[in-house]
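What follows is a single structure, and I will ask about it in a moment.
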Amino acid sequence: MKGYKIAVLSGKGGTGKTTVSSNLAKIQKSIYVDCDIEEPNGYLFLKPEIEKVKDVNVMIPSIDYDKCTLCGECTRACRFGALTKLIKKILVFDHLCHSCGACYEICPYNAINEIPKKIGAIRVGRSDDIDFIDGKLNIGEASGVPIIKEIKNLIKDTDKNVIIDSPPGTSCSVIHSIEGSDYCLLVTEPTPYGLHDLKLAVELVKEMNLPFVVIINKSGEEDSIIENYCKEESINVLAKIPFKKEYAELYSKGNLLIKEDDEIRHTFENLSQKLMELIGK
Amino acid sequence: MKIAISSEGDNLNSNVNSRFGRARYFIVVDTESMNYKAIGKTAASSAGGAGTKAAQLLLDEGVDSIISSNVGPNALEVFQAAGISVYKSINDTIEKNVEEFKKGTLEKIELPTNNGHHGEH
Ligand code: SF4
Ligand code: SF4
């Protein structure tokens with residue numbers, strides 16, 4: 001039987017996305033997958049032993065000047081402005097290239113070769129009793145989608161449950177990260193900004209037709225900001241993670257909350273159980 | 001000499017637009033005759049690379065110098081490779097900028113030394 005894929009996302013960074021995904025993965029003994037490739041930080045808490053590192057390459061153009069007539073077709077074909085024609089050469093901005101292939105297609109003289117370029121890497125390992133995967137995009141690269149696709153490929157057929165820590169925001173990389181998930185957890189904070197970003201995330205998962213619930217992190221007196229909205233929209237608030245100074249301290253030291261605090265462990269056990277019931281339905 | 005200025009509008013009385021890659025128009029002026037033509041930017045897409053696309057447009061016009069501000073590192077690299085000088089615009093009309101250019105008072109923009117890898121999303 002195939003395992004469930006649960007994507008954890010939020011409208012922006014720093015809402016507790018990693019806290020929720022890493023602790024939940026540990027409780028459930030799921031595979032933890034960090035798709036937040038621009039700033040993966042799950043490893044700080046899960047402290048995995050890395051067993052394998054795999055480079056992720058994309059293909060970028062390289063001009064063969066024995067054949068190139070400087071006709072300029074390729075520069076016009078590139079939607080990303082990655083090619084510029086000068087008087088004597090074609091300037092390739094490889095970090096703007098999205099590897100779309102349009103330039104190879106269009107060149108009338110077969111003067112463009114594809115060469116591989118490393119844009120980042122995937123790491124696979126173990127954190128005690130759970131599997132760990134994360135990806136990292138090199139700084140300045142155009143798109144992390146190729147890395148996310150490779151990660152998704154690795155977990156495609158596993159029979160274990162998977163927790164996907166997705167990138168913040170609502171960009172292409174988020175869409176690719178959460179695509180095909182069985183359930184989405186939207187993590188938010190009870191602040192006006194939190195609500196604003198939550199709405200964006202809700203819009204996205206609705207558009208993608210993915211079932212979802214909300215988790216309030218740093219829960220406290222202001223929860224009604226989120227709860228009122230969820231009530232209006234008939235959205236299920238599955239769990240609340242209270243705000244405590246001790247949690248912030250544990251977090252800043254890179255400790256998993258469930259390992260250090262029974263109360264929070266209980267919160268996550270509950271969350272996991274309710275979530276499984278929902279998915280089972 | 002042929003110079004291009006990033007502009008808000010399509011004539012010499014228009015104000016400069018300080019954002020090179022996002023300018024709606026470029027005014028290409030012949031500094032001797034003051035004849036000019038406006039290029040409405042066709043490549044104003046959001047797919048990224050707006051700076052290099054605008055740079056290509058101006059290369060194809062055969063301009064010798066650019067007057068603008070906030071020229072991104074990629075576009076600057078294009079201009080440098082093509083031997084085109086880039087000058088910093090003053091917040092005034094196109095005509096006034098051309099005058100200042102002729103007097104030689106505009107500041108030249110050089111390629112930043114840390115021109116490594118800048119994402120343009
Ligand atoms: S399309 Fe081919 S021949 Fe034309 S400029 Fe590009 S690489 Fe050169
Ligand atoms: S592969 Fe696509 S994005 Fe890359 S240079 Fe060619 S046309 Fe541009």
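The values are calculated or read from the model by the stated rules, or taken from the named source; none is laboratory data. Remember, predicted model here, so these are calculated numbers, not experimental data. When we count neighbours, we look across all protein chains shown, and the Cβ atoms used for this are built from the backbone with ideal geometry, even at glycine. For the accessible areas, the whole protein counts, side chains as well, though only heavy atoms, and no ligand, DNA or RNA atoms are used. Shrake-Rupley method; radii C 1.70, N 1.55, O 1.52, S 1.80 Å.
From other protein chains only, count the Cβ atoms within 10 Å of every residue's Cβ in A:93-104, then give the mean.
Mean inter-chain Cβ contacts per residue within 10 Å come to 3.
Please compute the Cα-Cα pair-distance distribution of region B:2-103 with 10 Å bins starting at 0, giving whole percents from short to long.
18, 56, 25, 1
Points 7 angstrom from Cα along the Cβ direction at A:Lys88 and A:Ser234: gap in nanometres?
7.0 nm
With the full set of protein chains in place, find how many percent of the accessible area of the protein assembly as shown is carbon and sulfur; take the probe as 1.4 Å.
Here it works out to 47 percent.
OK, next. Classify region A:143-184 as rounded, prolate or oblate, taking a ≥ b ≥ c as the square roots of the eigenvalues of its Cα gyration tensor: rounded when a/c is under 1.5, otherwise prolate if a/b is larger than b/c and oblate if not.
Oblate, since a/c reaches 1.5 and b/c is not below a/b.
Let me ask you something else. For a quick protection proxy, order the peptides B:91-100, A:167-176 by their average other-Cβ count within 10 Å, most packed first.
Top of the packing list down: A:167-176, B:91-100.
Amide H neighbours of A:Lys160 under 5 Å, at least 5 residues apart or on other chains, H built in the peptide plane: list them.
Hits under the 5 Å cutoff: A:Gly3.
Further question: Under 20 Å between alpha carbons, and skipping anything fewer than 8 positions from A:Lys89 in its own chain: which lysines qualify?
A:Lys67, B:Lys53
Any chance you could list P(r) for the protein assembly as shown, counting all Cα-Cα pairs in 20 angstrom bins from zero, rounded to whole %?
24, 41, 29, 6, 0
Report, as an integer, the average count of C-beta atoms from other chains found within 10 Å of each Cβ along A:74-84.
Other-chain Cβ atoms within 10 Å of each residue's Cβ, averaged: 6.
Just counting partner chain Cβ atoms within 10 Å, what average do the residues of peptide B:72-81 show around their Cβ?
3
Further question: Determine the total buried accessible area between chain B and chain A, counting protein heavy atoms only with a 1.4 Å probe; round to the nearest 100 Å².
Adding both sides of the contact gives about 1400 Å².
Using a Gaussian network model of chain A whose springs link C-alpha atoms within less than 10 Å, name the residue from A:Asp129, A:Asp34, A:Asp94 with the highest mean-square fluctuation.
Highest fluctuation of the listed residues: A:Asp129.
For the charge dipole of the protein assembly as shown, defined by +1 on Lys and Arg C-beta atoms and -1 on Asp and Glu C-beta atoms about the Cα centroid, which residue among A:Thr15, B:Ile39, A:Pro167 has the Cα displaced farthest towards the positive pole?
B:Ile39
Here is a follow-up. In sequence order, what are the phi-derived ³J(HN,Hα) couplings for region A:58-72 according to the Karplus relation 6.51 cos²θ - 1.76 cosθ + 1.60 with θ = phi - 60°, rounded to whole Hz, with x for glycine and proline?
Each residue of region A:58-72 in turn: 10, 9, 10, x, 9, 8, 9, 6, 5, 9, 5, 9, 6, 6, x Hz.
Counting C-alpha atoms alone, how compact is region A:65-110: give Rg to one decimal and Dmax as a whole number, in angstrom.
In Å, with Rg to one decimal and Dmax whole: 9.8, 25.
To continue, here is another question. For n ≥ 4 DSSP H runs only, could you compute -39500 (n - 2.57) per run for the protein assembly as shown, divide by its residues and tell me the 222 nm figure to the nearest 500?
-9500 deg cm²/dmol
Then there's this: At a Förster radius of 25 Å, what calculated FRET efficiency corresponds to the Cβ-Cβ distance of A:Met208 and A:Asn57, to the nearest 0.05?
0.35
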